[in-house]
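Shown next, in structure tokens, is the structure this report addresses.
The values are calculated or read from the model by the stated rules, or taken from the named source; none is laboratory data. Bear in mind the structure is a predicted one, so any value in this text is a computation, not a measurement. Don't worry about glycine lacking a Cβ; one is built from the backbone with ideal geometry, like all the others, and counts go over all protein chains shown.
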Amino acid sequence: MSEKPKQQLFTTRLGVIAATVGSAVGLGNIWRFPYEAGVHGGGAFLVIYILFIFLLGVPVLCAEFALGRSTHMNVLGCFRQLKPRQPFWKIVGIIGVASGVMILSFYSVIAGWTLEYFFVALRGDVTGHTTAELHSMFSEFTTGWRPVMWTVLFLLVNYCVIVRGVQKGVEKAANILTPALMVLLAVFCINSLTMSGAADGLAFLFKPDFSQITPAVVIGAMGQAFFSLSLGLGCMLTYASYFPDETPLVRSAAVTVVLDILTALMAGMLIFPVVFTYGFSPQEGPTLVFEVLPAIFTQISGGALWAPLFFFMLFLASLTSTISMSEIGIAWLTQDRGVSRGKACAVIIAIAMVCGVACALSFSYWAGMSLPGIGEINIFNIFDYTSSNILLPLGGMLISIFAGWMLDRNVLRRELTTPVTAFAVLAPAIVFLLRYVCPVMILVIFVANL
Ligand code: PFF
């Protein structure tokens with residue numbers, strides 16, 4: 001089944017891991033996880049989220065890896081090559097390209113916030129404020145025009161990296177960055193644990209109150225599991241199409257998952273002690289982390305120096321994720337539609353810019369906007385909710401059905417066990433989860449939510 005790769009591949013084993021971890025680890029862990037956990041009751045959310053990571057995330061990640069590496073094709077081409085007479089599977093690719101651009105749009109808004117905070121921190125203006133001041137500082141910023149500027153600027157930076165191609169842009173950017181960010185997070189985490197609200201913060205995050213579990217919590221946790229691992233939209237499939245054939249898939253998946261969970265946990269352990277020490281509300285939503293982080297730097301010794309470094313790393317971590325979501329559409333346009341890489345990048349970024357500006361405006365001039373017959377609409381929330389909680393799990397369900405039922409079982413097994421590593425023993429369990437657990441579980445959760 002494996003045909004000769006028609007395209008550039010990641011050059012080193014470190015490059016493969018750095019790129020996939022770089023895609024997985026990002027604002028999803030540090031910004032989205034704490035805010036989702038905060039809104040959805042803390043511990044109960046965490047338990048279900050981790051359960052979903054293992055029951056749905058690991059198998060779907062392995063499936064995307066297997067599909068991508070075996071075909072060395074983009075998310076539409078891959079299904080066309082494997083099942084040329086079943087055009088239905090095109091739908092996975094369409095969902096993937098569309099949700100990639102959608103996520104890129106709202107993600108760039110948050111990445112833009114990190115840029116603003118980086119420059120504010122450089123001026124030394126992030127530290128030394130009261131909770132009320134931090135709150136008003138942030139809302140003043142988000143209700144103005146600057147987030148629009150930063151969104152556009154961030155997307156331009158993203159363009160400059162992706163246009164250089166996979167090896168030069170993606171691999172290099174990711175190599176040093178992810179480990180450095182994790183070290184920094186660990187240091188800040190230790191600091192948070194010395195705060196007076198640490199016990200309350202940790203109890204909120206780690207002591208599950210199962211009476212809090214509602215359908216909204218379950219679907220939120222499922223969405224977060226997919227979002228955090230960049231799954232369900234063919235992002236990992238696209239990256240796996242750049243894997244050399246000797247990449248061990250299950251082991252690479254295991255490394256990615258472990259580092260991804262670890263980063264989210266560290267972010268939680270960093271944020272919630274501060275939330276309870278300074279009297280923030282954990283239910284604040286998307287703005288939570290940006291109000292809380294400055295409080296950390298006020299408290300930490302040398303905080304004024306750490307702050308710009310942290311926001312810069314956050315910006316870079318966002319970049320390695322947005323590079324990967326842009327690549328889904330770019331790979332399709334260049335391989336299937338014969339568009340040049342430069343043009344493909346320009347098209348994807350241009351669409352994301354229009355949508356991204358709309359998302360940025362939904363915190364300011366378009367806040368509280370309503371449409372006749374529909375009621376209040378917030379474009380940012382619609383983009384975030386629809387992509388993460390609906391499109392990604394739907395894509396994940398289709399991918400698991402395809403890998404579990406449509407693909408020859410021996411082919412799937414062979415992909416998962418070549419080359420052989422100790423992780424190969426997991427292959428039968430992964431195949432089982434893909435066939436029987438993932439599709440059913442996702443379907444049940446969807447139906448229960450209706
Ligand atoms: N996994 C990324 C994060 O946690 O920040 C977000 C993401 C990247 C989602 C790539 C989807 C994607 F295709």
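Could you figure out which of (1) surrounded by 24 or more Cβ atoms within 10 Å (Cβ to Cβ); (2) more than 16 Å from the ligand (Cβ to nearest atom); (3) more than 28 Å from D408 (Cα to Cα) isn't true of T11?
The single condition T11 does not satisfy is (1).
Taking T334 as the residue in question, decide whether it is surrounded by fewer than 21 Cβ atoms within 10 Å (Cβ to Cβ), at pLDDT below 90, assigned to a helix (DSSP H, G or I) and among the hydroxyl-bearing types (S, T, Y).
no
Pick from I176, I271, I213, I162: which is of a type in the set (V, I, T), surrounded by 20 or more Cβ atoms within 10 Å (Cβ to Cβ) and more than 30 Å from W89 (Cβ to Cβ)?
The unique qualifying residue is I271.
Output the number of the condition that S192 fails; it satisfies all remaining conditions of (1) within 14 Å of the chain's Cα centre (by Cα); (2) crowded, with 21+ Cβ neighbours inside 10 Å.
Going through the list (1) within 14 Å of the chain's Cα centre (by Cα); (2) crowded, with 21+ Cβ neighbours inside 10 Å, S192 breaks only (1).
Let me spell it out: the conditions are (1) free of Cβ contacts under 8 Å to residues at least 12 places away in the same chain; (2) within 16 Å of the ligand (Cβ to nearest atom), and K172 meets all of them except one. Which number is the exception?
(2)
Kindly list, by first and then second residue, each pair from a residue in region 434-449 that is touching a residue at least 12 places away in the same chain (Cβ under 8 Å) to a residue that is of a type in the set (G, A, S), limited to pairs with Cβ atoms under 6 Å and residues at least 6 apart or on different chains.
Sorted first by the residue in region 434-449, then by its partner, the pairs are L434/A63; L434/S400; L434/A403; L434/G404; R435/G404; C438/S400; P439/S400.
If I ask for residues that are of a type in the set (G, A, S) and under 30 Å from V275 (Cα atoms), which ones from region 41-84 would you list?
If the condition is that a residue be of a type in the set (G, A, S) and under 30 Å from V275 (Cα atoms), then G41, G42, G43, A44, G57 are the ones that fit.
Of (1) within 16 Å of the ligand (Cβ to nearest atom); (2) within 30 Å of F280 (Cβ to Cβ); (3) modelled with pLDDT of 95 or more, G38 satisfies all except one. Which?
That leaves (1) as the condition not met.
Filter region 74-128 down to the residues that are among the small types (G, A, S) and within 14 Å of the ligand (Cβ to nearest atom), then identify the one that is surrounded by the fewest Cβ atoms within 10 Å (Cβ to Cβ).
A98
Scanning for something more than 16 Å from the ligand (Cβ to nearest atom) and free of Cβ contacts under 8 Å to residues at least 40 places away in the same chain, does region 267-279 turn up at least one residue?
No, region 267-279 contains no residue that is more than 16 Å from the ligand (Cβ to nearest atom) and free of Cβ contacts under 8 Å to residues at least 40 places away in the same chain.
Working only within region 204-243, note down all residues that are β-branched (V, I, T) and near the ligand (Cβ under 10 Å from one of its atoms). Outline the logic, then answer.
In the first step, residues of region 204-243 are kept if they are β-branched (V, I, T); the result is 213-214, 217-219, 238.
Result: T238, single match.
Out of (1) surrounded by 19 or more Cβ atoms within 10 Å (Cβ to Cβ); (2) farther than 24 Å from L27 by Cβ; (3) among the polar types (S, T, N, Q), the odd one out for Q224 is which?
(2)
Test T263 against the stated conditions and say whether it is farther than 20 Å from F45 by Cβ, of a type in the set (S, T, N, Q) and buried (at least 21 other Cβ atoms within 10 Å of the Cβ).
No: the conditions fail for T263.
All but one of (1) charged (D, E, K, R); (2) surrounded by fewer than 20 Cβ atoms within 10 Å (Cβ to Cβ); (3) within 16 Å of the ligand (Cβ to nearest atom) hold for E327, so report the exception by its number.
(2)
Scan region 359-379 for residues that are part of a loop (DSSP other than H, G, I, E, B) and within 20 Å of V109 (Cα to Cα) and jot them down.
Residues satisfying the conditions are S362, F363, S364, Y365, W366, A367, G368, M369, I377, N378.
Please verify whether M313 is of a type in the set (A, V, I, L, M) and at pLDDT below 90, treating the condition exactly as stated.
Values: of a type in the set (A, V, I, L, M): yes; at pLDDT below 90: yes.
Yes: the conditions hold for M313.
Could you go through region 273-288 and let me know if any residue there is within 15 Å of the chain's Cα centre (by Cα) and among the hydrophobic types (A, V, I, L, M, F, W, C).
No, there is no match, as no residue in region 273-288 is within 15 Å of the chain's Cα centre (by Cα) and among the hydrophobic types (A, V, I, L, M, F, W, C).
Suppose we filter T277, T298 for residues that are in contact with a Ser or Thr (Cβ under 7 Å, 6 or more places away or on another chain), of a type outside the set (K, R) and surrounded by fewer than 20 Cβ atoms within 10 Å (Cβ to Cβ); which single one remains?
Details: T277 fails: surrounded by fewer than 20 Cβ atoms within 10 Å (Cβ to Cβ).
Answer to the check: T298.
Against the conditions (1) modelled with pLDDT of 95 or more; (2) surrounded by fewer than 13 Cβ atoms within 10 Å (Cβ to Cβ); (3) not hydrophobic (A, V, I, L, M, F, W, C), where does S370 fall short? Just the number, please.
(1)
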